[in-house]
Amino acid sequence: MNKSYFFKFLLAASLACPLVGSASSEPWTIEDVLEASSELSRQMRDPEAAPQKSLPQAFVLVSFSMPEVSLERLARDAKDAGIPLVFRGVPETKPSSDPKLPLLNPQSLAAFQPLIESGADVQLNPELFSEFNVRQVPALIIREESSASSDGCIQSPKAVIVPGDVTLGYALDRLTDRKDSIGDAARALRTKLGNRP
């Protein structure tokens with residue numbers, strides 16, 4: 001199993017079973033998290049490493065600094081549209097008396113529990129924030145996969161960012177008139193939301 005996908009599984013499993021740091025399993029360190037994030041970022045940039053997708057990928061970048069009502073609404077809509085909620089990292093927790101407590105521990109992961117229980121696909125990917133220079137959330141990102149031109153050179157992927165504390169339906173509506181693959185993806189995702197605003 002790829003470590004980046006294992007990380008997503010670990011995030012959900014850690015909330016269901018708070019014994020991540022027990023002797024029976026080795027806790028993740030900061031290095032493990034960074035390595036998993038780097039691997040995911042590499043796969044997203046390298047078309048040879050990641051499977052080809054027919055439509056561009058979509059992400060909703062969020063943070064716990066957002067109003068709770070907005071985050072819950074986006075979680076519901078993103079779940080129904082099949083779009084992951086992406087956080088830069090785990091929220092800060094109270095200082096622990098154990099300096100060896102790993103970054104991913106029951107305390108740091110507890111904030112994600114309501115989102116995961118609602119069925120939302122929650123991911124940690126600080127590199128996505130850096131790649132698109134996202135400083136304010138929420139932000140919807142739809143981006144094409146990297147592709148090779150006829151001369152074999154890799155072309156930079158095209159991406160569109162829709163920032164603002166708006167509904168996911170509204171953000172997608174702003175892209176549905178496009179006559180490219182990003183517009184196709186926005187229309188397909190918008191259809192999954194039905195008539196909701």
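The values are calculated or read from the model by the stated rules, or taken from the named source; none is laboratory data. Please read these numbers as outputs of a predicted model, since none were measured by experiment. Cβ atoms come from the backbone with ideal geometry, glycine included; neighbour counts cover every protein chain shown. To get the accessible areas, we keep the full protein, side chains included, count just its heavy atoms, and leave off ligands, DNA and RNA. Shrake-Rupley method; radii C 1.70, N 1.55, O 1.52, S 1.80 Å.
See the values below:
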quantity	calculated
Surface accessible to a 1.4 Å probe, R187 within the full protein complex, Å²	80
Accessible area of D165 in the full protein assembly, 1.4 Å probe (Å², nearest 10)	80
Accessible surface ranking that places the most exposed of E145, E68 first, with a 1.4 angstrom probe	E68, E145
Nearest-0.05 FRET efficiency for R187 and D165, computed from C-beta distance (R0 25 Å)	0.60
E39/Q113 FRET efficiency (R0 25 Å; Cβ-Cβ; nearest 0.05)	0.50
